[in-house]
1. Within straight cross-link reach of B:K124, meaning Cα distance under 15 Å, which aspartates and glutamates are found once same-chain residues fewer than 8 apart are removed?
2. Could you run the Karplus curve 6.51 cos²θ - 1.76 cosθ + 1.60 with θ = phi - 60° over segment B:336-342 and give me ³J(HN,Hα) per residue in whole Hz, x for Gly and Pro?
3. Go through segment B:354-359 residue by residue and turn each phi into a ³J(HN,Hα) via Karplus (6.51, -1.76, 1.60, θ = phi - 60°); whole Hz please, and just put x for glycine and proline.
4. For the protein assembly as shown, give the share of DSSP beta bridges that are antiparallel, in percent and rounded to the nearest 5; count only bridges with both residues there.
5. Taking the alpha-carbon centroid of each part, what is the distance from segment B:321-353 to segment B:66-89 in angstrom?
6. So how long is each side of segment B:63-149 along the principal axes, counting just the alpha-carbon atoms, biggest first, in Å?
7. With a ≥ b ≥ c taken as the square roots of the eigenvalues of the C-alpha gyration tensor of segment A:121-185, please select rounded if a/c is under 1.5 and otherwise prolate if a/b is larger than b/c or oblate if it is not?
8. For the ranges A:167-173, A:211-217, what's the packing order if you count other beta-carbon atoms within 10 Å of each residue, average per peptide, and put the highest first?
Amino acid sequence: MKLVALAKKEAYDILTNRVYILLVIVQVIILLGSFALASVSSIALDPELMDKWGGSQFLKVGVTPDIQGTVLEKNLKEENLKLVYYNDLQSANKALGSETSATVYLKEDGDVGVNIDAGSIFYTILSEKIRRASRSYNIERSLADLPDDEIKRIKNPINLSIVEMNTEKRLKIAFESPYFIGIMYGFMVPFILFLPFFLGSNIVTDSIVGEKERKTFEVLLMAPLSPSMIIFGKIIPVVLFSLLQSFAWAVILFLLHVPLYNLSLIFLLLFFMALGFAGVGIFISSVVDSTKEANSAITIVLFIATFILFVPLFMDLGFFQPFMDFIPTVILVKLSTQQSVMGFLVDMLPSLSFSILVFALSAVSFKREGLIRL
Amino acid sequence: MVMSWTITKWEIKSTFRSRKFLFIFIFQIVTLFLVMLIFNGVLQMMNTGEEVTLLPSLGEFAVLDVNDPQGIIRDEINPDVVSVHTTDARSPMGRSLLLVESDGLPFNAMLFLDSSTPMSNIVKDEVESAVDRSSQKITSQIMASMERKEANIREETVGESLPLKLINKVMVAILLVLPLFLFGNLIIDSIVGEKERKTGESLIAMPISRSHIILGKSMAVIVIMAIQLIIWMIIIMASGFRIPNAPLIYLILVLTAVPVVGLTSLVAVYSKNYKEAGIGITFVYIIVIGFLIVPALVYVSQGRGVGPLILIMKLLGSENITISNMLLTFSGLVVSSIIFYGLALWLFERDDILFGPRPGVLKLLRGLL
């Protein structure tokens, strides 16, 4: 009962704190902002999505009169490029960078010449489309004396057919683009789901160190509550608050068509991470005397945690690569994208054990420090 | 002015004596070193022609079984994107499988795609790209064997590439502006700290005007920022980045620090405690950074605009700067400084702000008008 009373009081403090509510809103903005950013950049980088969403009208290519009526003109149009016709190469190049993003022309020896604005946001996509059209034109020009079937066979020496399996288990995704999936599942999902726990450790230090500063901590220690009850009373609402936020973000992601697999296992992992982060908060609270000190310490700890959790998603760690499978964010990416959980449970064990260890050590430290300061 | 300078000296001394300040100072420098290391890595990749991607490496997550004895497609699959497992199975064993039959042209490849995972999109895209790359090689070989000339595509790029432009100009400019925002907490510490420690009353009881207190404290932070800026510029240059017109850039940065510190002082004077000041400063800095960065991005895409960051970017790119550009930027800095310091001093002169009950923002605005 006493534990419940303390937990209720802490929960009330959290829910009535305008700063925490504000930070929850900030997280929603981060979530929606990152989704929008990933969507826009996916469209800008994916030729198929660009065509599908009508973005090709921005891909303006200046061409010279010698292109007109050629296979190259046909190929460029088939790539959904908007051709702007100029009287000569000089005028086409003059418009490059302002009216158009590239100029395509034929050289005297028949080679295709391309001038392209490297500073254009569509540089990659434009270069890919022009290269494809030009290459096809070049091959057809070189093999003009051969029958059409033979040209086609040389141009396409590999027939790729795709058979989709497990279509009944397929979940709808906002953008079927490798870039979108890479950035969302490979970074945004773990980042967004971990954010509440970063905030959680801050709430723990705020709560304990705040009591120290207001001189109510001694009163709390004198209350008929064991140190363990104080710790649990302080962290239960924080862990629940963090898990609830993560769950809400998972629901928002689902509504945005970024579905996550293995939600129950993900939340098991997040629960232990929450314990670990709360443990860090307790440890810092037990060794510092002011909110200022606590904020500095938590900033450094979270900086290191960010490095350990997110750098392995982007970099080859060389010697440390075999340990990558045990990093919580890596496990989270695997869990959220794959139906089969074989092997992941074993990979989770070191993270879970580490979190429990951090929490246990922090609790011991809190008990000792708390008593000493009385 | 002498009074303000006394406060300034006192603040600078106590700041440099603080172990916490020195720790943060060193921590920021270490972070800057790390950032420069990453930038250098990206630039090196650009110079060697490697594809620069800011995408997470998903090679471990997107898995594909491949039955391709001759390696026609397998050898073209990027292992950083898809993790390839060679197999001799002819039907899928629970995950995506690529089966290649290489008994005469055209080669037949069949991709059994496991649609139950979002990673199937990455597998599909990478296999299609690998097929494309392999097809190009085979076509070139066939044409060479037929002694047919494959015409070239002569691509010439005009202007600086967007990633290079972003790193060389925008990111270096942002890094140079960053110290102005990292030391916001110094002025908060200096003004709000007096309120929290209850030493503010003693300070204003001293024979010094309230305006001189704020100006002295602000000046101290500007001096510390100026020192920090020199160190950051040295680190950036030592990391191999060129900073042309360094003295002029330094002058613009220090002048930009004046209104930033003024605005921070304004927030600090109005705030009751660290918490309030922290929230206030976060929001205010987001707006200020927006004011600096949005025009800079417009400048990158459209090539026009005015502002301190744009001026720094132009100087970094050794571009021509017109007198009107300079005048507009400097007058903007002067006007905003006058407004922010004017408001901060006006608030600090008010007893209700210092001793309470503190009036709301709307009431203050009405009073001001």
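1. A:D46, A:E48, A:E164, A:E176, B:D65, B:E76, B:D80, B:D114, B:D132
2. 5, 5, 4, 4, 5, 5, x
3. Each residue's phi maps through the Karplus curve to give 7, 10, x, x, 6, x Hz.
4. So the antiparallel bridges amount to about 25 percent of the total.
5. About 63 Å separates the Cα centre of segment B:321-353 from the one of segment B:66-89.
6. Projected onto the principal axes, the Cα atoms of segment B:63-149 cover 46, 23, 17 Å.
7. Details: a/c = 5.24, a/b = 1.66, b/c = 3.16.
Oblate is the answer for segment A:121-185, as a/c is 1.5 or above yet b/c matches or exceeds a/b.
8. Numbers: A:167-173: 12.1, A:211-217: 14.4.
Output ranking for A:167-173, A:211-217: A:211-217, A:167-173.
The values are calculated or read from the model by the stated rules, or taken from the named source; none is laboratory data. Keep in mind it's a predicted model, so treat the numbers as computed, not measured. In this analysis, Cβ positions are derived from the backbone assuming ideal geometry, glycine residues included, and neighbour counts consider all displayed protein chains. Remember, those area values only see protein heavy atoms, side chains included, never the ligands or the DNA or RNA. Shrake-Rupley method; radii C 1.70, N 1.55, O 1.52, S 1.80 Å.
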